[in-house]
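Participant: Dumping the structure here so I can ask a few things about it.
Each reported figure results from applying straightforward, stated rules to the coordinates on display, with no laboratory input. Note that the structure is a prediction, hence the values are computed from the model and not measured. Glycine gets a Cβ as well: all are built from the backbone with ideal geometry, and neighbour counts include every protein chain shown.
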Amino acid sequence: MSDEGKPIQPEHAIKKVIWRGSVSVGSTLETATTWSITGVAAITALLISNLHSMLTVVAIGRVRIVVILLTTSILMGAVSKVIGMALTAGLKTVRELEDTFGTEQYQRLMGQATIAPRQLVKELAEPYVWPLSILTRRSGERGLTDYLSADRSFVRLFCIQLYFNGLHGLCAVAALLTLAFSL
């Protein structure tokens, strides 16, 4: 069922508030990830800078596994952080757009529009280079038929952020446990 041309329903507003509330946790998670990435990077640097000393206590194969796990942890944390930054910026942009589009002045202006919404979406996507132009156009077209499409995308991104953050933590813990049991 398409939302196109219909007024926003109360259930749309309820879903937006709940979904955006849960997704807004992503910015806090992103900040926490910054600190955990820093800690893992410090441990990695300490380990590598004292590699000769470590090799007298721990087998080289184990050290290699620990370094790989720590590096993987940093990579997973970085991906989680980038997704968190995208979520924060995306939520801010959507809220600003809704504040602008919700004004009476904007509603009057749109009532005087001489272009169809689908054509406007195509023209908005034109200046972007491929593949962003295609993604922008598709996103705009989805927004015309599903008023909650942006919020659904935010929720999916938030879930991906959580998974990468979990992998970041698991790899770091696995590395430290491997190191501890190798002593």
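Participant: Which ³J(HN,Hα) values, rounded to whole Hz and listed in residue order, are derived for segment 24-40 from phi using the Karplus coefficients 6.51, -1.76 and 1.60 in 6.51 cos²θ - 1.76 cosθ + 1.60 with θ = phi - 60°, glycine and proline given as x?
Facilitator: Running phi through 6.51 cos²θ - 1.76 cosθ + 1.60 with θ = phi - 60° gives 5, 5, x, 5, 5, 4, 5, 5, 5, 5, 4, 5, 6, 4, 4, x, 5 Hz.
Participant: Can you compute the charge dipole magnitude of the chain about its Cα centre, using +1 on each Lys and Arg Cβ and -1 on each Asp and Glu Cβ, nothing else charged? Give it in debye, rounded to the nearest 20. Could the numbers behind the result be given before it?
Facilitator: Working: 17 positive and 13 negative charges, 89 e Å.
So the magnitude is around 420 debye.
Participant: Starting at 0 and stepping by 10 Å, how many percent of the alpha carbon pairs of segment 39-114 end up in each bin?
Facilitator: 16, 25, 15, 13, 11, 10, 7, 2
Participant: Rounded to a whole number, what is D in µm²/s for segment 49-183 from Stokes-Einstein with the Kirkwood radius over alpha-carbon pairs (25 °C, 0.890 mPa s)?
Facilitator: 130
Participant: Here's another thing I want to ask about it. What is the Cα centroid distance between segment 61-86 and segment 155-180, reported in whole angstrom?
Facilitator: 8
Participant: Counting each pair of different Cα atoms once, what's the Kirkwood radius of segment 79-141 in Å, rounded to one decimal? Numbers along the way, then the final one.
Facilitator: On the way: mean 1/r = 0.0733 Å⁻¹.
Roughly 13.6 Å, rounded to one decimal.
Participant: From Cα pairs below 8 angstrom and at least 6 apart in sequence, can you work out the relative contact order of the chain, rounded to a whole percent?
Facilitator: Details: 151 pairs, mean separation 77.3, N = 183.
Computed over the chain, the figure is 42 percent.
Participant: Also, I was wondering about something else. Give the calculated FRET efficiency between ILE115 and SER139 to the nearest 0.05, with a Förster radius of 22 Å applied to their Cβ-Cβ distance.
Facilitator: 0.75
Participant: At q = 0.12, 0.28 Å⁻¹, what base-10 log of I(q)/I(0) does the Debye formula yield for segment 112-166 when every alpha carbon is treated as an equal point scatterer in vacuo?
Facilitator: Debye output, listed in q order: -0.38, -1.02.
Participant: Now, a different point. What is the set of long-range amide H partners of ASP3 at a cut-off below 5 Å, with H atoms built 1.01 Å from backbone N?
Facilitator: So ASP3 has HN proximity to ASP146, TYR147.
Participant: How fast does segment 4-60 diffuse by Stokes-Einstein, in µm²/s, taking the Kirkwood radius from C-alpha pairs at 25 °C and 0.890 mPa s?
Facilitator: 157
Participant: When HIS52, HIS168, HIS12 are ordered from fewest to most other Cβ atoms inside 10 Å of their Cβ, what list results?
Facilitator: HIS52, HIS12, HIS168
Participant: Sticking with this one: Counting other beta carbons within 10 Å of each Cβ, put TRP130, TRP19, TRP35 in order, fewest first.
Facilitator: Going from least to most buried by this count: TRP130, TRP35, TRP19.
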